[in-house]
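As C-alpha cells, the structure follows; a few thoughts come after it.
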Amino acid sequence: MPRRLSASVQPAMLADDDVRQLMRHDIRTAVGRPAQLKPAIVTAYRQASPEGQRAIEAAVSDVDAGLAATLRAGAT
C-alpha cells in the first residue's frame, strides 16, 4: 500500500478519477489501522506535488482531522 499511495498522488495519476478513489480508499484503510500505516501517508505527503498534497489532505481530513492538521503543520 505505501508504494501505491505514493504513486497515486503523482500529478499524472491524480487526473484519473479511479486512481483518486483508490488513493482515498487506501488512506481510509491506513488511518483505520494501528499506527503502522500512518507513516506511509506522511511519506507520500512529503513526496507529493502540491496538488497531491491537497488530495491527501482532503482524504485524510475526512477520517482523521488530527493527522490532517499534522500534515499541514509540516508532517513532523
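The values are calculated or read from the model by the stated rules, or taken from the named source; none is laboratory data. The structure displayed is predicted, hence computed values, not measured ones. Cβ sites come from the backbone with ideal geometry, for glycine too, and all protein chains shown count toward neighbours.
Name the residues in the stretch 30-46 that are farther than 16 Å from residue 68 by Cα and part of a helix (DSSP H, G or I), would you?
36
Given the criteria at pLDDT 90 or above and in a helix (DSSP H, G or I), does residue 27 qualify?
Answer is no for this residue.
Are any residues in the stretch 22-54 in contact with a Lys or Arg (Cβ under 8 Å, 6 or more places away or on another chain) and more than 11 Å from residue 5 (Cβ to Cβ), and if so, which ones?
31
Show the residue pairs that are 6+ apart or on different chains and have beta-carbon atoms under 9 Å apart, the first residue being within the stretch 1-25 and closer than 14 Å to residue 51 by Cβ, the second being acidic (Asp, Glu) and part of a helix (DSSP H, G or I).
8/26; 9/51; 11/51; 14/51
Under 7 Å between Cβ atoms, at least 6 apart or on separate chains: pull out the pairs that start in the stretch 43-68 with a residue that is at positive phi and end on any residue that is at pLDDT 90 or above and among the polar types (S, T, N, Q).
none
If you go through the stretch 1-18, how many residues are surrounded by fewer than 18 Cβ atoms within 10 Å (Cβ to Cβ), hydrophobic (A, V, I, L, M, F, W, C) and under 12 Å from the mean Cα position of the chain (by Cα)?
So the answer is 2.
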